[in-house]
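S.K.: The structure is given below, and queries will be raised subsequently.
The values are calculated or read from the model by the stated rules, or taken from the named source; none is laboratory data. Being a predicted model, the structure only gives us computed values, none of them experimental. Don't worry about glycine lacking a Cβ; one is built from the backbone with ideal geometry, like all the others, and counts go over all protein chains shown.
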Amino acid sequence: MTHPYAQQPDHAFWRQAVADPAAQDIGLVDPVVAPAFHIDRHQRIATAGSCFAEHVARHLRQAGVRPFITEQAHPIVPAAVAQAFGYGQFCARYGNVYTSRQLLQLMLRAFGEFTPADSAWPTPQGRWIDPFRPRVHPDGFYSRAELEADREIHFDSVRRMFAQVDVLVFTLGLTETWASREDGAVYPVCPGVLGSQFDPQRHELLNLGVDEVVDDVSRVIELLSYINPGARLVLTVSPVPLVATAGYRHVMVATSYSKSVLRVAAERLSREWRGVAYFPSYEIITGHYHQGRYFAPDLRSVTDEGVNHVMRLFLHHYLGLQPAASGTAHLSQAAPAMDRRTEELIKVTQTHCDEEALCR
């Protein structure tokens, strides 16, 4: 007898693709089958998205691939100061872009197609905060005019990114987002957390569904194809759980919903659009084959070992760079206790995440 499974390759079977490799070394598990396209290491590669997206730019630099940066600090500014002001975190200083709606509105705002009414938040200290980049200036801008001048420079950098980028790697992070009831402008964090005051008459919680995410990203693709026809898009889903939910469900349930929506949306987009690929960083980190080793003791932060696994496969499959030795331990070995070295590893992989402001 014959059947459709008889001719399937090893990657289609759990034992051959997951169980057997993981028994030897968890770093051997490789869920990437056929990359949608190849990326030349000399092409302009930009990153955007949730906190996990920051790891992509860091590992590109470590691999000798120069990330595409359009908004740079002045050469005399010390590296630590530049980092504190958001330079080098992503291609431009847009900070965390957690949702599909936020990416779309960033694009529309930069090209003058959308101007939110809520454009600046005053602080009790007399400073000003950009509602859509609340951490871009650690102490706030000295005046509203300074904020607006800095925003124009930023928008110019965003326009150049979209116009010149060859490959944009966008990490979908969340479906929950707070929006203005006046014009639908979405914020990276809830008003009142990093500035302004929360007002239920002015602010509402949105929890995007699959169709909404697909529609948002599809509009980005359509606009990008007009601005920059040769640009391609790599979608990933952040494996990092929600730090908190504003809904009435358990945070684990809310996380499951959010990641499921984003994963299905990414699948649809990669099937429906040419030049759009899905990279399975979510599956690499959340797969139980590593028995929890890729999450830190807080059960949320991704360890350096997990990030290395993701980026090793991305660099190998998409850029043709040979991965280094996995360096991962066999599952038969017990996970080490929390020690100074482990704490340092966690510090290394910490990101500048707006969502962390919700922690208590």
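S.K.: Considering only residues that are polar (S, T, N, Q) and within 15 Å of the chain's Cα centre (by Cα), which ones fall in segment 27-85?
M.R.: Within segment 27-85, T47, S50 qualify.
S.K.: Moving on to the next point. Hey, any hits in segment 91-109 for a residue that's aromatic (F, W, Y) and either surrounded by fewer than 21 Cβ atoms within 10 Å (Cβ to Cβ) or farther than 21 Å from S196 by Cα (or both)?
M.R.: The answer is no, given that none of the residues of segment 91-109 is aromatic (F, W, Y) and either surrounded by fewer than 21 Cβ atoms within 10 Å (Cβ to Cβ) or farther than 21 Å from S196 by Cα (or both).
S.K.: Provide a single number: the residues in segment 64-86 that are assigned to a loop (DSSP other than H, G, I, E, B), among the small types (G, A, S) and crowded, with 16+ Cβ neighbours inside 10 Å.
M.R.: Count: 2.
Quick grid of which residues meet (1) more than 25 Å from D304 (Cβ to Cβ); (2) touching a residue at least 40 places away in the same chain (Cβ under 8 Å); (3) touching a Leu at 6+ places or on another chain (Cβ under 8 Å):
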| residue | (1), (2), (3) |
| --- | --- |
| H55 | no, yes, no |
| E71 | yes, yes, no |
| P75 | yes, no, no |
| G88 | no, no, no |
| L104 | yes, yes, no |
| T115 | yes, no, no |
| Q125 | yes, no, no |
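S.K.: Is there any pair with a first residue in segment 131-160 that is over 25 Å from A46 (Cβ atoms) and a second that is crowded, with 18+ Cβ neighbours inside 10 Å and of a type in the set (K, R) whose Cβ atoms are under 7 Å apart and which are 6 or more apart or on different chains, and what are they?
M.R.: Pairs that qualify, where the first residue is over 25 Å from A46 (Cβ atoms) and the partner is crowded, with 18+ Cβ neighbours inside 10 Å and of a type in the set (K, R), are D139/R127; G140/R127; F141/R127; Y142/R127.
S.K.: Also, I was wondering about something else. Hey, any hits in segment 254-270 for a residue that's in a loop (DSSP other than H, G, I, E, B) and hydroxyl-bearing (S, T, Y)?
M.R.: no
S.K.: Working only within segment 230-262, note down all residues that are surrounded by fewer than 18 Cβ atoms within 10 Å (Cβ to Cβ) and of a type in the set (K, R).
M.R.: Residue satisfying the conditions is R249 alone.
S.K.: Among the listed residues A117, A110, identify the single one that is out of contact with any Lys or Arg (no Cβ under 9 Å at 6 or more places or on another chain) and either of a type outside the set (D, E) or closer than 13 Å to V186 by Cα (or both).
M.R.: A117
S.K.: Residue by residue through segment 253-310, note down the ones that are among the polar types (S, T, N, Q), touching a residue at least 12 places away in the same chain (Cβ under 8 Å) and at negative phi.
M.R.: T255, S258, S270, S281, T286, S301, T303, N308
S.K.: Here are G173, G195: which of them is at pLDDT below 95 and crowded, with 19+ Cβ neighbours inside 10 Å?
M.R.: G195
S.K.: If a residue must be surrounded by 13 or more Cβ atoms within 10 Å (Cβ to Cβ) and over 30 Å from Q164 (Cα atoms), how many such residues does segment 198-211 contain?
M.R.: Looking only at that region, the number is 6.
S.K.: So, in segment 1-53, how many residues would count as being under 30 Å from V165 (Cβ atoms), in contact (Cβ under 8 Å) with a residue 60 or more places away in the chain and either part of a loop (DSSP other than H, G, I, E, B) or in contact with a Pro (Cβ under 9 Å, 6 or more places away or on another chain) (or both)?
M.R.: Residues flagged as under 30 Å from V165 (Cβ atoms), in contact (Cβ under 8 Å) with a residue 60 or more places away in the chain and either part of a loop (DSSP other than H, G, I, E, B) or in contact with a Pro (Cβ under 9 Å, 6 or more places away or on another chain) (or both) within segment 1-53 amount to 18.
S.K.: Check segment 49-62 and report whether any residue there is closer than 21 Å to L104 by Cα, small (G, A, S), at pLDDT 90 or above and surrounded by 17 or more Cβ atoms within 10 Å (Cβ to Cβ).
M.R.: Yes, the conditions are met somewhere in segment 49-62.
S.K.: While we're here: Name every residue in segment 212-252 that is touching a Pro at 6+ places or on another chain (Cβ under 9 Å) and either touching a residue at least 60 places away in the same chain (Cβ under 8 Å) or closer than 25 Å to V165 by Cα (or both), in order of residue number.
M.R.: Scanning segment 212-252 gives T236, V237.
S.K.: Considering only residues that are farther than 16 Å from L106 by Cα and either surrounded by 16 or more Cβ atoms within 10 Å (Cβ to Cβ) or charged (D, E, K, R) (or both), look in segment 214-229 and name the one that is farthest from the chain's Cα centre (by Cα).
M.R.: N228
S.K.: How many residues does segment 1-39 hold that are under 17 Å from L321 (Cβ atoms) and surrounded by 13 or more Cβ atoms within 10 Å (Cβ to Cβ)?
M.R.: 5
S.K.: Just for segment 211-253: of the residues that are assigned to a strand (DSSP E or B) and not basic (K, R), which one is farthest from E272 (Cα to Cα)?
M.R.: Out of the qualifying residues, it is V237.
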